[in-house]
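**Student:** First, the structure itself, so that you have it in front of you.
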Amino acid sequence: MASDLSRESILRGLTTAIIGRNILYHPTVPSTMDVAREAAVGGAPEGTVVVAEEQTSGRGRLGRSWTNPPGVLAVSVILHPRMSRLLRLGMVASLATSRCVDSATGLKSVIKWPNDVLLRGKKISGILMESALRGQSVEWAIVGIGLNIDLDPGMFPEIADTATSITAELGREVSQLAILQDLLREMDRLYLALREDEDIHEQWRERLETLGRTVEVAVGDHVEVGYAESVDSNGSLLLRRSDGTLIPIVAGDVTLRKR
Ligand code: BTN
């Protein structure tokens, strides 16, 4: 399907309060994070959304690269949250994306801690966050979402066994525009709820497939092994080690423990 994305088409009929107030659309960019950062530093308003249909140097978590041929929707949103809410932006993004994937496919996606969205065991979306702080306040935060819409993972050996996409699951093409607008609407709803201190944490936790399992978590250059007992209100994973101690993990990479 030919692309139906443009600044005008994205704005048409978008009735969000904050997210999407300002749209910066590019067919292709090195990384929407860099475009958004430049816009944020230049004073772009909260709710500015950078959208690209292709990235040539897409960035992933933990210094990895993100495979982003055409058909993988790249979205970076500039937000100005209070410091106390900064760490919950990942919950807003992954929950919104997971709900959007469910609406598009009729299937039930889950979240792998911290914020990967998985469909039938394979990754369909990844989330990256960057922020600039000044003293105790957040100057800006950027939430980056990569969503595999029209991608044949088999064409990319590095993700062939681990990734899926909306078209791969449905067996037919879909409108990128409809999915993007739905994603922006879901994010807007959840961001407004976060600003009212509503309990989005519980809704995020219910979708987490990681809890209740024995896992290995790569944290920096070492691996923690334990039982994924819960998550705290800021999204840290609470891991019960075999010696009984409970440790919070802020960032890491989870794999299920092999027996
Ligand atoms: C991950 O799973 O490691 C996170 C992937 C994040 C990818 C998105 S796509 C939009 C934004 N621009 C980037 O360069 N990265 C994020």
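The values are calculated or read from the model by the stated rules, or taken from the named source; none is laboratory data. Worth saying up front: this structure is predicted, and the values here are computed from it rather than measured. Don't worry about glycine lacking a Cβ; one is built from the backbone with ideal geometry, like all the others, and counts go over all protein chains shown. Ligands, DNA and RNA are stripped out before the accessible areas are found, and what is left, the full protein with its side chains, is counted by its heavy atoms. Shrake-Rupley method; radii C 1.70, N 1.55, O 1.52, S 1.80 Å.
**Student:** Open to solvent by 20 Å² or more (accessible area, probe 1.4 Å), among the small types (Gly, Ala, Ser) and at pLDDT 95 or above: does that describe SER57?
**Tutor:** Criteria met by SER57.
**Student:** Hey, which of the strands (runs of 3 or more DSSP E) in region 163-259, taking only ones fully inside, have at least 1 residues that are farther than 30 Å from ILE18 by Cβ and touching a residue at least 40 places away in the same chain (Cβ under 8 Å)? Spell out how you get there, then give the answer.
**Tutor:** Working: elements: 214-219, 222-231, 237-240, 246-249, 253-256.
Passing ranges, in order: 214-219, 222-231, 253-256.
**Student:** Quick test for you: out of ALA44, ALA2, pick the one residue that is assigned to a loop (DSSP other than H, G, I, E, B), at pLDDT 95 or above and small (Gly, Ala, Ser).
**Tutor:** None of the other options fit; the residue is ALA44.
**Student:** Same structure again: When the residues of region 219-250 are filtered to those that are among the hydrophobic types (A, V, I, L, M, F, W, C) and loosely packed, with under 14 Cβ neighbours inside 10 Å, which remaining residue is nearest to LEU128 (Cα to Cα)?
**Tutor:** Among those residues, the one meeting the criterion is VAL250.
**Student:** Then there's this: Here are SER76, SER103, SER9: which of them is within 13 Å of the ligand (Cβ to nearest atom) and either touching a residue at least 24 places away in the same chain (Cβ under 8 Å) or in a loop (DSSP other than H, G, I, E, B) (or both)?
**Tutor:** Of SER76, SER103, SER9, the one residue that is within 13 Å of the ligand (Cβ to nearest atom) and either touching a residue at least 24 places away in the same chain (Cβ under 8 Å) or in a loop (DSSP other than H, G, I, E, B) (or both) is SER76.
**Student:** Let me ask something additional. Please go through (1) without any contact (Cβ under 8 Å) to a residue 60 or more places away in the chain; (2) in contact with a helix residue (DSSP H, G or I) (Cβ under 6 Å, 6 or more places away or on another chain) for LYS123 and return the number of the only condition it doesn't satisfy.
**Tutor:** Single failed check for LYS123: (2).
**Student:** Working carefully through the options GLU38, GLU46, find the one that is open to solvent by 10 Å² or more (accessible area, probe 1.4 Å) and in contact with a strand residue (DSSP E or B) (Cβ under 9 Å, 6 or more places away or on another chain).
**Tutor:** Sole residue among the options that is open to solvent by 10 Å² or more (accessible area, probe 1.4 Å) and in contact with a strand residue (DSSP E or B) (Cβ under 9 Å, 6 or more places away or on another chain): GLU46.
**Student:** Do you know which of the residues in region 129-173 that are over 30 Å from PRO45 (Cα atoms) and among the polar types (S, T, N, Q) is nearest to the ligand (Cβ to nearest atom)?
**Tutor:** Only one residue tops the list, namely THR162.
**Student:** Has region 184-207 got any residue that is over 19 Å from LEU89 (Cβ atoms) and of a type in the set (A, V, I, L, M, F, W, C)? Walk me through it before giving the result.
**Tutor:** So in region 184-207, the residues over 19 Å from LEU89 (Cβ atoms) come out as none.
No, the conditions are met nowhere in region 184-207.
**Student:** Here's a follow-up. If you scan region 129-159, which residues turn out to be without any contact (Cβ under 8 Å) to a residue 60 or more places away in the chain and open to solvent by less than 30 Å² (accessible area, probe 1.4 Å)?
**Tutor:** Residues satisfying the conditions are VAL138, PRO153.
Residues checked against (1) within 21 Å of ARG195 (Cβ to Cβ); (2) more than 11 Å from the chain's Cα centre (by Cα); (3) open to solvent by 30 Å² or more (accessible area, probe 1.4 Å):
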{"residue": "PRO81", "(1), (2), (3)": "yes, yes, no"}
{"residue": "ALA96", "(1), (2), (3)": "yes, no, no"}
{"residue": "LYS108", "(1), (2), (3)": "no, yes, yes"}
{"residue": "ILE111", "(1), (2), (3)": "no, no, no"}
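**Student:** Which ones in region 119-128 are crowded, with 21+ Cβ neighbours inside 10 Å and either within 13 Å of the ligand (Cβ to nearest atom) or on the phi > 0 side of the Ramachandran plot (or both)?
**Tutor:** Within region 119-128, ILE124, SER125, GLY126, ILE127, LEU128 qualify.
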